[in-house]
Amino acid sequence: MTNPQLVNYVLAMLVIALAVYGLRYVWRLWLFGASYKLAVQLRQKIYQRLSQQNQSFYLKYRTGDLIARSTNDVDRVVFAAGEGVLTFVDSLVMGCAVLVMMSVEISWQLTLLALIPMPIMALVIKRYGDLLHQRFKHAQGAFSSLNNHAQESLTSIRMIKAFGLEEHQSNQFEQVATEAGRRNMHVAKVDARFDPTIFVAIGMANLLAIAGGSWMVLNDTLTLGELTSFVMYLGLMIWPMLALAWMFNIVERGSAAYSRILSLLDEPLVIKDGAHSLQPDKGILEVNIGVFQYPETQRHALKDIRFTLKPGGFLGLCGPTGSGKSTLITLLQRHFDIDEGEICYQNRPLTDIHLNEWRARLSIVNQSPFLFSDTVAGNIALGHPDATQAQIEEAARIACVHEDILRLPEGYQTEVGERGVMLSGGQKQRISIARAILQNAEILILDDALSAVDGQTEFTILQNLSHWRQGRTLIISAHRLSALVEADNILVLCHGEIAMQGTHEELSQQVGWYKDMYHYQQIEAALDGDL
C-alpha cells in the first residue's frame, strides 16, 4: 500500500467517524428531546385533569399517590421512551449487522443452528416481563403510599409534636417503608433473572456453534479459521442481547407506570362544563335544591333548600355544626351537581354555564384558609396578579390585617412558609379575606371565615365590607350570629333543611335555635367584656 493510499484510508476513516459522531449526536438529541417533551405533555395532561376533578375524586386518590404518579411514574415512562428506544435501535442495528456477517460471510446453516436457543430465550424473557410488569406496578403503589405518608407527616408535624406522637409516626413510617422495600425486592428478584438467562442462551448458542462448526470442519464444509471467526462474531452478539433484555426490562417498567398514569387520566369528569356564556350584567341567583347527597352515601346532606338572592343582596347562613352550611356553599361553587333540583343564575342552570365563567363571578374564603409558600403580597394578589402595591394594601386594610403585615420582618414581602405556617390562624383568615376582596368578584362568599378573629375585629371587618361591597352580593356562613345582623335574609339550617328564615329582627323574636343562640352569644360577649 502506497503512502497516498494510506492517507486516503485514514481520511476516509476520519470522515466516517465524524459522520457517525454527528448522526449519533443528532439522533440522541432528537430522541431525548422528544422524550422530555413527552414528560411535559403528560404532566400538563395530569395537572389539567386533576384541576377538573371534583371533591369525590380526591376522596379516592390521596395526595402522595397523585404526586408519585405525576413525578416518579412520568420519569419511568420518559426513561423507557428515551433510553429504551435508543438501546433498542442500537442493539438491533448491531445485532442485525453481526447476523448478516455470520450468515453471508461464513455460513447461514451454522447461523440458524446457533439461533435455536433464541426463541426459547424470548419466551422466557416475555414471561419475566409480564411478571415484572405486575410486581413493578405494586412497587409503585407502595412508593405512592410511602410518599403520601411522608407528605402527611410533614404537613402535620406541629400536631405530631403537640401530641408527642413522634415515635408512633416514626414506627408507622418504618412499616410503610419496609413494605415499599419488600415490594421493590420482589422486583429485584425478577430483574436478577434477566442476565443469567441471556448468558445461558449465549452459552447454548456457543455450544451449538462449536459442535456444528466442528462437524462442518471435519466434513470440509467450513475452515477452522471461519469457525474461529464465527465464534468471535457470536461473542459480539452478547452486548446486543443483553441490551435488548435491559430494554425489555425498562419498557415493562415504563408500561406499568404508564398504566398507572392512564388510570388517572381515564377517571371520568363528574362535573361537565356548560356550553353557554354569561351576560356581562349581574344576575339573580335562584336556588331550588330538592335533594342532594354526597357520592356513596345514603343520607341526604341537603333537602328542600329554596331561596332567591338578588344582585347586591346579603344572605346569612347559620345553624348547628354539620347542618349543611358548607355543603350549600360547595354546591354554589358547583363542586358537585344536585341530585334533584337546580341552581340558576341569569335564568340559566349552572350546569349550562361555562364553569370558569361562573366561578370567576365568585370570591370564596373557606373556613380553613389556604396560603401558598409565597410572600404576603403574592398571596393577596393571587386572583389579581397585576394589582399594584396600593391596591394590595387597600384590600389588607379592609380585611383589618394591614397593621399585622407591617409588623412582620419584611412587611408585605415576608415569606409566609408552606400553607402559611409563619402566621396565626386569624392572620391567615384575614389575608384570605383580603385576597377575595382584591379579586373584586360579583359575589363574595365567607364560609365561617371570621371564626379565628376576636369580636371587635370581626365587627370592624364587617363594617368595612358593608362600605366596600357597593352593590356586590354577599353570602356569609357563620357560627357567631353577630356577623349576620345586617343580612337581608338569614337561613337557619338544621339536618340539611331550612328550619327558619328571615331577617335578624324577625328571627330574634321567634322561639327557636336562632333566638336561643343569639341570646347565649350576647351573654358570652358581655362576660368577655367584663373580663
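The values are calculated or read from the model by the stated rules, or taken from the named source; none is laboratory data. Since we're looking at a predicted model, the values are computed, not measured. Cβ: placed from backbone, ideal geometry, glycine included. Neighbour counts: every protein chain shown.
What to note about this one:
- Odd one out for D304 among (1) assigned by TED's automatic domain parsing to the domain that holds V485; (2) crowded, with 19+ Cβ neighbours inside 10 Å; (3) among the charged types (D, E, K, R); (4) not in a loop (DSSP other than H, G, I, E, B): (2)
Table: residues versus (1) within 27 Å of Q151 (Cα to Cα); (2) more than 17 Å from the chain's Cα centre (by Cα).
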| residue | (1), (2) |
| --- | --- |
| A19 | no, yes |
| Y36 | yes, yes |
| Q48 | yes, no |
| S51 | yes, no |
| S56 | yes, no |
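- Residue in region 152-166 that is among the charged types (D, E, K, R), free of Cβ contacts under 8 Å to residues at least 60 places away in the same chain and under 30 Å from D191 (Cα atoms) present: no
- Search result, residues across region 378-391 that are over 27 Å from T330 (Cα atoms), part of a helix (DSSP H, G or I) and touching a helix residue (DSSP H, G or I) at 6+ places or on another chain (Cβ under 9 Å): Q389, Q391
- Given (1) surrounded by 15 or more Cβ atoms within 10 Å (Cβ to Cβ); (2) out of contact with any helix residue (DSSP H, G or I) (no Cβ under 9 Å at 6 or more places or on another chain); (3) modelled with pLDDT under 80, index of the condition D220 fails: (1)
For (1) among the basic types (K, R); (2) over 22 Å from R306 (Cα atoms); (3) touching a Cys at 6+ places or on another chain (Cβ under 7 Å), each residue gets a yes or a no:
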{"position": "T457", "(1), (2), (3)": "no, yes, yes"}
{"position": "T460", "(1), (2), (3)": "no, yes, yes"}
{"position": "T473", "(1), (2), (3)": "no, no, no"}
{"position": "I476", "(1), (2), (3)": "no, no, no"}
{"position": "S482", "(1), (2), (3)": "no, yes, no"}
{"position": "M517", "(1), (2), (3)": "no, yes, no"}
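- Among helices (runs of 4 or more DSSP H) entirely within region 56-143, having at least 1 residues that are under 30 Å from T297 (Cβ atoms) and not β-branched (V, I, T) singles out 63-68.
- Search result, residues across region 282-304 that are over 34 Å from the mean Cα position of the chain (by Cα) and β-branched (V, I, T): I284
- Considering E403, E342, E394, the condition of being acidic (D, E), assigned to a strand (DSSP E or B) and modelled with pLDDT of 90 or more is satisfied by E342 alone.
- Restricting region 136-188 to residues that are among the basic types (K, R) and more than 21 Å from the chain's Cα centre (by Cα), the residue that is modelled with the lowest pLDDT is R158.
- All positions within region 390-401 that are within 22 Å of I476 (Cβ to Cβ) and buried (at least 19 other Cβ atoms within 10 Å of the Cβ): A395, A396, I398, A399, C400, V401
One line per residue, one yes/no per condition, for (1) touching a residue at least 12 places away in the same chain (Cβ under 8 Å); (2) closer than 28 Å to G84 by Cα; (3) in a helix (DSSP H, G or I):
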{"site": "N8", "(1), (2), (3)": "no, no, yes"}
{"site": "V20", "(1), (2), (3)": "no, yes, yes"}
{"site": "L23", "(1), (2), (3)": "no, yes, yes"}
{"site": "V26", "(1), (2), (3)": "no, yes, yes"}
{"site": "A39", "(1), (2), (3)": "yes, yes, yes"}
{"site": "I46", "(1), (2), (3)": "yes, yes, yes"}
{"site": "S51", "(1), (2), (3)": "no, no, yes"}
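- Candidates T330, T308, T351, filtered to the one that is of a type in the set (S, T, N, Q) and without any contact (Cβ under 8 Å) to a residue 40 or more places away in the chain: T308
- Test: L132 is more than 23 Å from the chain's Cα centre (by Cα) and either under 30 Å from V176 (Cβ atoms) or among the polar types (S, T, N, Q) (or both): yes
- Of the candidates F79, F57, F32, the single residue that is out of contact with any helix residue (DSSP H, G or I) (no Cβ under 7 Å at 6 or more places or on another chain) and either surrounded by 14 or more Cβ atoms within 10 Å (Cβ to Cβ) or charged (D, E, K, R) (or both) is F57.
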